[in-house]
Amino acid sequence: MMSTVSDNLLSVQYLHRCQQDSVLIQANTISEVRNAIRSFRADGKTIALVPTMGALHDGHISLVDIARQHADVVVTSIFVNPLQFGPNEDLAKYPRSIEADIARLNESGSDIVFTPDVEEMYGRSPNTVFVESPDNDSIFEGAVRPGHFTGVLTVVAKLFHIVQPDFAVFGQKDLQQLGLIRRMVEELNFPIQIIGAPIIREVDGLAMSSRNRYLNSTDRTRATLLYKTLTTIKHLFASGVLDSNHLINSGLEMLAADANIKVDYLQIVDPISFTPQSHATNGMGVILAARVGATRLLDNIIL
Ligand code: PAF
């Protein structure tokens, strides 16, 4: 059941949950989401934000569950952010499934879903002020996707200002993004606790991602080699191999067995600074980006 409430200040949709008396509030504008949050704040509630680009899968729902464990109120944003897509990337075909997403959030116990459009987030004229990390723009995802992290940091900073959460939850699957957001929060003094959420995997190990739906069935099978490679590296490390070159070369050999998998990078890095490590130690990240057929996938494992 769904009803709409409007007045001069607030025009939001309240999506009633079956068998519960709580409701999911859908806010399309910045003033709507702020008004909704203000009323929860007035009751002394804490707020957690789960930023997403929609096309929600179980991995996103696990972020909502984690957010719920930390705060009274969970705000999930759905916004496909054009600023983080390069001119030749998949912005136009990025999967969008807003109705299904809202239904899932309604079941999952999210309290507010913020669904702005591009004009609401960026206004009519292009942004002139950005948040950027020049160091990260030249390494790994930053090097492969110029401008990507400026887009991510800028939109996340905007979401933080709009929602002003106590907590924000991000998946560890985008490990470089997570490290960078932690640094932004620390260096720019956002009073927000960042929570990294474990990667959720399909039964065969493939990390859940909205882009997995681009894989045809052959490539979907091939893609399982990514996680197998990462777990092999982790087992080698656990058995006492600490030399990063040795570990990485073993992984590259495994991936080379399939000519349809093109590796962008496989590296052992500090998970916050993303500095490559010549010796592997506990807590370091093994990061992998590869094209499987036409689809580019990311995965990682923490040693
Ligand atoms: O990880 C994502 O889905 C996006 O990069 C984020 C954090 C929602 C910013 O658009």
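The values are calculated or read from the model by the stated rules, or taken from the named source; none is laboratory data. No experiment lies behind these values; they were computed from the predicted model shown. With ideal geometry, Cβ positions are generated from the backbone for all residues, glycine too; neighbour counts draw on all protein chains shown.
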Query raised in the report: Quick one: how many residues across the range 181-206 are buried (at least 19 other Cβ atoms within 10 Å of the Cβ) and more than 18 Å from VAL50 (Cβ to Cβ)?
Result: 1
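Among the residues of the range 77-87, are any over 29 Å from PRO191 (Cβ atoms), among the hydrophobic types (A, V, I, L, M, F, W, C) and modelled with pLDDT of 95 or more?
Going residue by residue through the range 77-87, those that are over 29 Å from PRO191 (Cβ atoms) are 85-87.
Checking the rest, the ones that are also among the hydrophobic types (A, V, I, L, M, F, W, C) come to 85.
Among the residues that remain, those that are also modelled with pLDDT of 95 or more are: 85.
Scanning the range 77-87 turns up at least one residue that is over 29 Å from PRO191 (Cβ atoms), among the hydrophobic types (A, V, I, L, M, F, W, C) and modelled with pLDDT of 95 or more.
Only one of these is in contact (Cβ under 8 Å) with a residue 12 or more places away in the chain, closer than 29 Å to GLN267 by Cβ, aliphatic (A, V, I, L, M) and more than 12 Å from the ligand (Cβ to nearest atom): VAL152, VAL163, VAL144. Name it. It would help to see each step written out before you state the result.
Values: VAL152 fails: more than 12 Å from the ligand (Cβ to nearest atom); VAL163 fails: closer than 29 Å to GLN267 by Cβ.
None of the others qualify; the one that does is VAL144.
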Query - Test result for SER210, buried (at least 18 other Cβ atoms within 10 Å of the Cβ), hydroxyl-bearing (Ser, Thr, Tyr) and either under 26 Å from ASP166 (Cα atoms) or within 16 Å of the ligand (Cβ to nearest atom) (or both) - result: yes
Query raised in the report: Here is a list of conditions, (1) closer than 22 Å to ASN216 by Cα; (2) exposed (fewer than 15 other Cβ atoms within 10 Å of the Cβ), and ALA289 meets all of them except one; can you say which number that is?
Result: (2)
Query - Filter result (more than 16 Å from the ligand (Cβ to nearest atom) and among the polar types (S, T, N, Q)) within the range 38-83 - result: SER39, THR46, GLN69
Query raised in the report: Does the range 118-162 hold any residues that are of a type in the set (Lys, Arg), outside any helix (DSSP H, G or I) and farther than 15 Å from GLN176 by Cβ, and which are they?
Result: ARG124
Query raised in the report: Which condition number does GLU107 fail, the rest of (1) assigned to a loop (DSSP other than H, G, I, E, B); (2) touching a residue at least 24 places away in the same chain (Cβ under 8 Å); (3) out of contact with any Phe, Trp or Tyr (no Cβ under 9 Å at 6 or more places or on another chain) being met?
Result: (1)
